[in-house]
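Worksheet: one structure, shown below.
Every number in this text was worked out from the coordinates using simple rules, so none of it is lab data. Model, not experiment: these values are computed from the prediction. So basically every Cβ, Gly included, is an ideal-geometry build from the backbone, and we count neighbours across all protein chains shown.
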Amino acid sequence: MLKTYTGGCHCGAIRFEADIDLAAGTWKCNCTICARNRLWSFEAGSHAVRLLAGAEYLQDYSFNDHVAHHYFCKRCGVHPYEFVDLPAENRQYYNVNVNCVEELDMDAVMAAPIHHVDGLHDRWDRVPAEIRHL
């Protein structure tokens, strides 16, 4: 069931709201940027995240094929969410940083599945061989 949550970066400059279904589970990826940031995320629809404050602090970082836009706060460096645009699949969505969402029922989060994907090898259909560091 979708519920609207609020969240933000560490310094509070960036504020957002996101429609999230806790029961759908969370995601961990081993690609270079997700692993280095230890990103643990909820997947949310393409219109499910709304910036409430801090547009002037929101910086976009994108690399390689530029399908993922990794947003971070220019002031504190926290990555509240990323936007993924996959035109070949006609699919767009957000990955919302679990640790930037406020007032979560962590029992519900932990009861839901944690999905692991092998983004390091562009194998989104399989679990990576090593996940302990994610």
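Things to note:
- Considering the stretch 91-104, and only residues there that are part of a strand (DSSP E or B) and of a type outside the set (Ser, Thr, Tyr), the residue that is nearest to Gly119 (Cα to Cα) turns out to be Asn95.
- Number of the exception - Phe63 against (1) of a type in the set (A, V, I, L, M, F, W, C); (2) in contact (Cβ under 8 Å) with a residue 24 or more places away in the chain; (3) in contact with a Leu (Cβ under 9 Å, 6 or more places away or on another chain); (4) under 25 Å from Pro128 (Cα atoms): (3)
- Residue that is among the aliphatic types (A, V, I, L, M) and either more than 25 Å from Met1 (Cα to Cα) or in a loop (DSSP other than H, G, I, E, B) (or both), where the choices are Val109, Val117, Val127: Val127
- Filtered residues of the stretch 66-90 (kept if of a type in the set (D, E, K, R), in contact (Cβ under 8 Å) with a residue 12 or more places away in the chain and within 26 Å of Pro113 (Cβ to Cβ)): Glu82, Asp85
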